[in-house]
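Visitor: Provided herewith is a single structure, encoded as structure tokens, for subsequent inquiry.
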Amino acid sequence: MIAAWLASFRREEEWTRTLLCKQVPAVRPVRVALCALSILSVGMGAQTNSTSAPAKKGRIVIGASMLLDGRSHVLRDTHIVVEDSKIVALDPNASPVDYDLRGFTVLPGWIDSHVHITWSFGENGKNAGADETTQFAAYQAASNAWLTLMAGFTTVQSVGSPRDVPLRDEIAKGALPGPRILTAVEPLEGRGEKTGTPDEIRVFVRKQKEAGADLIKVFASQSIRQGGGMTLSQDQLNAACDEANKQGMRTLVHAYKDAVRAATLPGCTEVEHGTMATDDDLKLMAEHGTYFDPQAGLVIENYLANKDRFLGTPGYTEEGFAAMERVLSLDRDIVRRAVKTSGLNVVFGSDAVAGAHGRNAEEFIDRVRDAGVDPMSAMVSANSLAAEAIRMGDRIGSIAPGYDADIIALDGDPLKDITAVRRVTFVMKGGVVYKNVARGAIPIYAGIQP
């Protein structure tokens, strides 16, 4: 299974290189990487000089023969009219067409509800997590953001590390190319000095808001590598989610087994993973309107494929890897049961860590191929439903007038062949085109023309 998974990655890499290298000078990726590194490194250490965002064309018309609107509708033979950063109309008569995407599948940029965007491998090739503050780590973070955007993900939720903050801010300013980032900054962990009494937890939540967090990440249970047992009491969970609600913030709770129910009862916003939850737990989440983000395979496949790079670093042991191998089938089982639970909102999240950035879409394939998820539901889980879960449903996740112009195109129809998600040929975020290889054209990097 892992060998086949790696082989599929290599085929996709070759497909991408073939498209890019036909017309792009070899020096360009180096120039892009150095630009990203220099900006992010400065951003992490000191204030940057003002950097203007890429120039936006006043009016852009995109031709589409097949369009998935992000809300489970398929539209045929229409044109998308973009002005500055917004979609202003769907008009089949709009002209002239600036980007002809007929023959491709056009859809909203995907939203990944769970990544660790600054996790990378260090200079020694081993897992460095998200705590490195070296120039090399800054480069890797910028690279992760670029790869994620090129894979069609225009918004991600990174949960979390303080290192997310400068990356998020530089991308928001237009100084770096990457997906829109929402971050939890520092997570509340159910062990050690960060746990505390319910009152201390409330203080922690308020401090994260002051630090610029977009949401609160809560670890309510151990890693599945350690058995997944609860690490916070019900009173502690109640305090964390109640205080976040009072602060107008969302909560995203890492939970397995009994922790799923414990996180649902106090009104936490979203439960992650959920492996070994019961059917009653799933029904309870549906009744409470709790969003659920299980993973069907990518995260464990990535760990197993990169075992030598993780093994021996903090939290990764032979016993833990053996546990992950055993739990892979349980992960697919929880996804299978979740999508069959009436009223349960299942969103898309890859839990991308080092080695998986830019490969986020493999999670779609796992969900459809291995867990029986309907392909349209899989797309919606990363479009309008994911946007609703992060409280941005009136802005992103749909192709409709008034929405941000986050638009991607695939070479193929994911409703018939889910592997089409590997072949992203066009990426626009906020009205700026960052990738256009749909017709063998030279990709555009943040407004830098060839």
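The values are calculated or read from the model by the stated rules, or taken from the named source; none is laboratory data. Quantities reported herein were computed from a predicted structural model and do not represent experimental measurements. No Cβ is skipped: glycine too gets one built from the backbone with ideal geometry, and neighbour counts run over all protein chains shown. Surface accessibility is based on the protein's heavy atoms, side chains included, excluding ligands, DNA and RNA. Shrake-Rupley method; radii C 1.70, N 1.55, O 1.52, S 1.80 Å.
Visitor: Please compute the per residue accessible area over region 77-158 with all protein chains in place, 1.4 Å probe, rounded to a whole number of Å².
Guide: About 36 Å² of surface per residue is accessible.
Visitor: Any idea what % of Cα-Cα pairs in region 316-450 are farther than 17 Å?
Guide: That fraction is 68 percent.
Visitor: Rounded to whole Å and ordered largest first, report the semi-axes of the equivalent ellipsoid of region 157-210 derived from its Cα gyration tensor (root of 5λ).
Guide: Taking √(5λ) for each Cα gyration eigenvalue gives 28, 10, 7 Å.
Visitor: Additional query: 7 Å from Cα along Cα→Cβ at both R369 and D131: what's the point-to-point distance in nm?
Guide: Here the modelled spin labels are 3.6 nm apart.
Visitor: Could you compute the FRET efficiency for D77 and A172, with r as their C-beta to C-beta distance and R0 at 30 Å, rounded to 0.05?
Guide: It comes to 0.25.
Visitor: I've got another one for you. Which entries of K283/K429; K217/K416; K257/K340; K86/K435 have Cα-Cα distances beyond 26 Å here? Present the calculation step by step, with values, prior to reporting the outcome.
Guide: Values: K283/K429 36 Å; K217/K416 36 Å; K257/K340 19 Å; K86/K435 18 Å.
Long pairs (Cα-Cα over 26 Å): K283/K429; K217/K416.
Visitor: Related question: Rolling a 1.4 angstrom probe over the protein chains, ignoring ligands and nucleic acids, what is the accessible area of K283 in square angstrom, nearest 10?
Guide: 110 Å²
Visitor: Another question, then. How would Y403, Y139 rank on accessible area, largest to smallest, probe 1.4 Å? All intermediate terms of the calculation are to be shown ahead of the outcome.
Guide: Values: Y403 30, Y139 75 Å².
The ordering from most to least exposed comes out as Y139, Y403.
Visitor: Still on this structure, I have one more. Tell me the carbon and sulfur percent of the accessible area for region 296-398, rounded to whole percent, probe radius 1.4 Å.
Guide: Of all accessible area on region 296-398, carbon and sulfur atoms account for 47 percent.
Visitor: Further, regarding this structure: Can you give me the distance in nm between label points at E200 and K416, each placed 7 Å from the Cα along the Cα-to-Cβ direction?
Guide: Simple spin-label model gives 6.0 nm for this pair.
Visitor: Over region 74-210, with every protein chain in place, what whole percent of the accessible area is carbon and sulfur at 1.4 Å, could you tell me? Don't jump to the answer; show the numbers that get you there.
Guide: Values: 2510 of 5410 Å².
The computed percentage sits at 46.
Visitor: Also: What figure, in Å² to the nearest 10, do you get for the accessible area of K209 with a 1.4 Å probe and non-protein molecules left out?
Guide: 90 Å²
Visitor: What distance in nm separates the simple spin-label points at T317 and R59, each placed 7 Å from Cα in the Cβ direction?
Guide: 6.5 nm
Visitor: Ranked from highest to lowest mean number of other Cβ atoms within 10 Å per residue, what is the order of the peptides 420-426, 196-202?
Guide: By packing density, highest mean first, the sequence is 420-426, 196-202.
Visitor: On average, how much accessible surface per residue is there in region 224-374, in Å², for a 1.4 Å probe, leaving out ligands, DNA and RNA?
Guide: With the other protein chains kept in place, region 224-374 gives 34 Å² per residue.
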